[in-house]
1. Filter the range B:310-329 down to residues that are of a type in the set (V, I, T), out of contact with any His (no Cβ under 9 Å at 6 or more places or on another chain) and not in a loop (DSSP other than H, G, I, E, B) and give me whichever is nearest to the other protein chains (Cβ to nearest Cβ).
2. Somewhere in the range B:171-188, is a residue touching a Gly at 6+ places or on another chain (Cβ under 8 Å) and assigned by TED's automatic domain parsing to the domain that holds B:V78?
3. From (1) within 20 Å of A:Y108 (Cβ to Cβ); (2) in contact (Cβ under 8 Å) with a residue 40 or more places away in the chain, pick out the condition that doesn't hold for A:T207.
4. Can you spot a residue in the range A:160-170 that is crowded, with 18+ Cβ neighbours inside 10 Å and within 14 Å of another protein chain (Cβ to nearest Cβ)?
5. Filter the range B:234-243 for residues that are on the phi < 0 side of the Ramachandran plot and modelled with pLDDT under 95; which is farthest from the chain's Cα centre (by Cα)?
6. Looking at the range A:71-126, which of its residues are assigned to a helix (DSSP H, G or I), within 14 Å of chain B (Cβ to nearest Cβ) and not hydrophobic (A, V, I, L, M, F, W, C)?
7. Determine, yes or no, whether B:D332 is assigned to a loop (DSSP other than H, G, I, E, B), under 30 Å from B:G17 (Cα atoms) and outside the structural domain of B:L214 (by TED's automatic domain parsing).
8. Counting only residues that are touching a helix residue (DSSP H, G or I) at 6+ places or on another chain (Cβ under 7 Å), within 14 Å of another protein chain (Cβ to nearest Cβ) and under 29 Å from A:L53 (Cα atoms), give me the helices (runs of 4 or more DSSP H) lying completely in the range B:370-481 with at least 2 of them.
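The values are calculated or read from the model by the stated rules, or taken from the named source; none is laboratory data. Fair warning: this is a prediction, and the values are worked out from it, not measured in the lab. Cβ sites come from the backbone with ideal geometry, for glycine too, and all protein chains shown count toward neighbours.
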Amino acid sequence: MRLFDPHIHMTSRTTDDYAAMYASGVRALVEPAFWSGQPRTNVGSFIDYFDSLLGWERFRAAQFGIRHHATIALNPKEANDPRCVPILEELPRYLIKEGVVAVGEIGYDSMTAAEDEAFSRQLELALEFSLPVMVHTPHREKLAGTYRTLDVVRESGVAPGMVVVDHLNETNVELVKNAGAWMGFSIYPDTKMDEQRMVAILARYGTERVLVNSAADWGRSDPLKTFSTANAMLAAGFTSDDVDQVLWCNPVEFYGQSGQLILGPIPGFDEAGPLDATAGFEGNSVLRGARA
Amino acid sequence: MTASGLTSTSTMPFSLGYGTNGFADHPLPVALGLIAEQGYDAVALTLGHPHLDPYAEDLGDQLQSLRRLLDELGLRVVIETGTRFLLDPRHKHRPALVDDEATTRVVFLRRAIDIAAALQAECVSFFSGVLPEGTTAEVGWQRLTSRVAEIVEYARDKGVLLAVEPEPGMVVETVSDVLRLRAELGNPRNLRVTVDIGHCVVVEPDGVRGALLLAGPLLANVQLDDMRPHAHEHLPFGEGDVDLPLALATLAELDYRGVAAVELPRHSYDAPGLAARSIHALRAGWHDAGRIGENGRWLQESATAIATGTGTLSTIFTLARRHVGRGPIRPDNDPTGVLFGTACDHLRGQLIGRLGDVLPPDELAQALLTLYGNGDSAERRGVLRGLGALSTGSQQLPDTVVSVGLRLTNEALRTNESGVVAAAVGPFAATYLDQHSWRHAVLKLVFMGISLQAVAHLTERADDELARMASDFAAERTAAGRPVPDDVQLLLQASSSYSTSS
């Protein structure tokens with residue numbers, strides 16, 4: 001089983017997680033830029049973070065046989081801090097970099113005027129750079145936030161097929177489906193969405209334009225939720241082709257619109273199974289270096 | 001055709017050939033048949049045993065039937081004269097043109113010219129010889145010029161082109177030596193240049209591309225083989241350090257229309273196999289040469305755009321990857337591109353090398369800082385490779401550029417990303433990094449498990465202190481019951497043959 005986690009914050013995870021993800025079949029992922037738990041206070045903090053997503057984190061993932069991609073944006077929460085907003089001026093140079101597959105996470109947190117402004121500006125950037133968009137829906141006021149999100153996207157001129165609206169649940173899935181956007185679901189241990197509810201949503205709305213992610217970060221979350229959702233789908237009678245569509249082909253199709261996905265096996269790994277860690281990485285054992 | 005017009009589907013302007021000295025275990029007609037069968041369009045015919053005896057009584061008849069066979073097989077021919085022990089059974093390549101007594105050599109070369117005329121060969125290629133013991137360079141040079149002058153005149157009367165081949169260890173060792181010889185003789189029109197691309201990695205100061213460009217329109221004969229920098233040993237393609245695609249791209253750039261023949265005189269035991277593998281390697285190399293041509297066009301356009309202000313350097317630098325891709329440049333030896341970089345690393349490095357020609361030092365230094373500072377890991381590798389290109393391209397870099405280069409190199413060496421660290425120990429670090437930092441960089445590679453093949457000029461800079469550090473590292477590993485990397489041994493050996501240089 002090959003798995004693609006379309007939304008996971010690996011910067012917050014351990015190497016054990018990478019190893020477990022590889023063992024369960026994860027071969028590619030997308031790490032969206034977001035906040036870091038502790039609020040940022042300046043532009044430099046974003047720059048080091050973005051550089052780390054495109055540098056060290058991608059390197060770290062490669063040590064474990066996983067292709068790492070990123071989305072880049074000013075997140076909705078920090079769009080409210082005027083000290084952080086000037087990072088918008090730095091975004092263009094990041095949006096042409098290798099493996100940057102979307103503008104995101106953007107959208108609403110508290111639905112403020114500042115969030116409106118950052119959201120619109122970044123939708124313009126997505127149009128300018130022909131990139132898909134990853135939109136985060138708010139934790140509070142989710143339904144109202146989803147309506148407003150879809151309105152803003154419609155006004156921006158970005159095609160709905162270039163947009164994934166994430167963290168959906170039973171209350172707003174239909175809205176997003178009817179708008180023609182991609183539907184993102186974050187499977188969490190005890191909030192947002194779980195495997196059984198996910199299977200029920202798939203049974204009701206079908207497997208097209210659905211992305212399932214773990215959205216694992218530094219909070220209570222589980223990087224193997226793509227794997228457990230795949231198993232739940234099989235247990236519920238979905239075919240392995242259905243599983244492959246939702247957990248590989250769909251994210252590949254969505255993010256593939258960027259032209260920036262890199263999916264071939266990493267040298268030293270194959271698609272069959274995990275690497276023998278003692279064998280080194282094509283004879284030069286960078287694994288050791290990675291752990292240094 | 002110019003390099004900028006070369007594409008991966010262009011046809012070669014020159015003819016690929018194979019040298020008969022690599023078919024010493026086959027009779028000549030059989031060898032020629034096998035060479036043609038593999039798809040070669042030319043043959044480099046070495047006179048003498050075991051093939052064509054230049055002193056045979058029925059030489060005229062032999063040449064007539066040979067010419068017919070070449071016509072039937074569609075082969076062009078060049079005459080090679082580097083037969084061992086032909087004139088002196090005890091001393092290889094004696095007498096030489098630089099010896100006190102060289103009559104038999106001159107007579108032999110005249111005979112070679114006669115044969116070339118009879119066969120309508122493209123040229124006669126010959127070398128100068130090793131300076132005999134007790135002879136000064138001046139005397140050797142004087143003997144050479146007077147004898148070559150005589151041969152040139154003889155060849156002119158016969159309408160035959162001559163091509164002098166620089167050979168490692170001989171009086172004429174580089175293309176610039178040939179040009180000096182030619183100038184002293186008044187630049188005779190029929191005196192041209194042979195370049196063996198393998199020799200270039202051993203003796204040519206500007207490498208294979210530099211040597212071929214220097215020969216330029218005077219290039220009349222090319223020998224193709226691989227070679228390592230410290231050993232004059234002709235190797236099959238892929239076993240040495242010759243950049244074959246670059247060599248072929250340069251020949252295309254020069255619109256070279258002569259013969260380029262494989263030269264593997266010590267591999268007759270497997271001649272048919274090597275003829276097949278060599279042409280396969282040459283075709284693959286030509287395909288890659290097309291990409292070099294396309295990259296050359298991109299570099300030219302990019303440099304122009306930057307110089308005229310119609311393009312932004314940082315955007316062009318970032319987007320280089322969309323032009324060239326990210327494959328490793330030595331996939332067999334380094335599938336991840338960690339040690340020797342990716343195609344894109346090198347294209348970015350070449351672009352920076354070009355900037356050295358168009359930007360004043362202060363602007364170049366600022367550009368390096370910006371490109372590195374704004375770069376992702378791949379772009380940073382490109383900047384580091386670019387520092388290497390700058391430091392090998394000119395004599396001494398301006399202080400401002402060196403200062404920025406050192407800052408970036410040290411920054412890169414603090415990272416733990418193997419590709420970035422490996423790119424930081426190239427020619428720039430070898431030339432400019434202080435000995436303490438350089439030793440720590442080398443030890444860091446060993447610690448990270450990155451092969452020391454990544455290090456430029458390792459043996460030249462390795463010293464006793466580095467060996468001491470490597471030995472302590474090995475002791476630490478042994479005490480922990482962990483394996484000691486093979487490269488530690490390399491550092492210990494390096495110090496036993498090179499003295500402390502700090």
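1. This residue is B:T318.
2. The initial filter retains those residues of the range B:171-188 that are touching a Gly at 6+ places or on another chain (Cβ under 8 Å), namely B:171.
Checking which are assigned by TED's automatic domain parsing to the domain that holds B:V78 leaves us with B:171.
Scanning the range B:171-188 turns up at least one residue that is touching a Gly at 6+ places or on another chain (Cβ under 8 Å) and assigned by TED's automatic domain parsing to the domain that holds B:V78.
3. The one condition A:T207 does not meet is (1).
4. No: the range A:160-170 contains no residue that is crowded, with 18+ Cβ neighbours inside 10 Å and within 14 Å of another protein chain (Cβ to nearest Cβ).
5. Residues of the range B:234-243 that are on the phi < 0 side of the Ramachandran plot, as a first pass: B:234-237, B:239-243.
Next cut, modelled with pLDDT under 95 only: B:239-243.
Numbers: B:E239: 13, B:G240: 9, B:D241: 7, B:V242: 4, B:D243: 6 Å.
The extreme case among them is B:E239.
6. If the condition is that a residue be assigned to a helix (DSSP H, G or I), within 14 Å of chain B (Cβ to nearest Cβ) and not hydrophobic (A, V, I, L, M, F, W, C), then A:E89, A:E90, A:P92, A:R93, A:Y94 are the ones that fit.
7. Here the answer is yes, as B:D332 does meet what is asked.
8. Once the helices (runs of 4 or more DSSP H) in the range B:370-481 are filtered for at least 2 residues that are touching a helix residue (DSSP H, G or I) at 6+ places or on another chain (Cβ under 7 Å), within 14 Å of another protein chain (Cβ to nearest Cβ) and under 29 Å from A:L53 (Cα atoms), what remains is B:377-393, B:399-414, B:418-423, B:435-448.
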